[in-house]
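Here's the structure, in structure tokens; my notes come after.
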Amino acid sequence: MLEYFVMMLLLFQFKHYYIDFVDQTMDEVNGKGIYGDWFGLRHSLKHAVATLICVLIDRKSTRLNSSHT
């Protein structure tokens, strides 16, 4: 169980690092503080999609691990 939480924490930390530092454009940085700005919304959408991918990866790995016990 602890391994599961550590794996998910690492997965979400990597996702956050990638979206915020590697993939973020300067337009997104400037638009994050403006309500309704497309660049800020795009940045939030990237986080949402990447979070969904992390959850789907988790569901797949949990399903695979539970079938072997």
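For region 27-38, give me each residue that is more than 25 Å from CYS54 (Cα to Cα) and either open to solvent by 50 Å² or more (accessible area, probe 1.4 Å) or within 20 Å of the chain's Cα centre (by Cα) (or both).
Across region 27-38, the qualifying residues are ASP27, ASN30, GLY31, GLY33, ILE34, TYR35, GLY36.
Quick one: which of LEU10, LEU64 is surrounded by fewer than 11 Cβ atoms within 10 Å (Cβ to Cβ), part of a helix (DSSP H, G or I) and modelled with pLDDT under 90? Steps first, please.
Values: LEU10 fails: modelled with pLDDT under 90.
Unique residue meeting the criteria: LEU64.
The values are calculated or read from the model by the stated rules, or taken from the named source; none is laboratory data. Computed from a predicted structure; not experimentally measured. For neighbour counting, all protein chains shown are included, and Cβ atoms are generated from backbone atoms with ideal geometry for every residue, glycine included. Accessible surface is based on the protein model in full, side chains and every heavy atom, while ligands, DNA and RNA are left aside. Shrake-Rupley method; radii C 1.70, N 1.55, O 1.52, S 1.80 Å.
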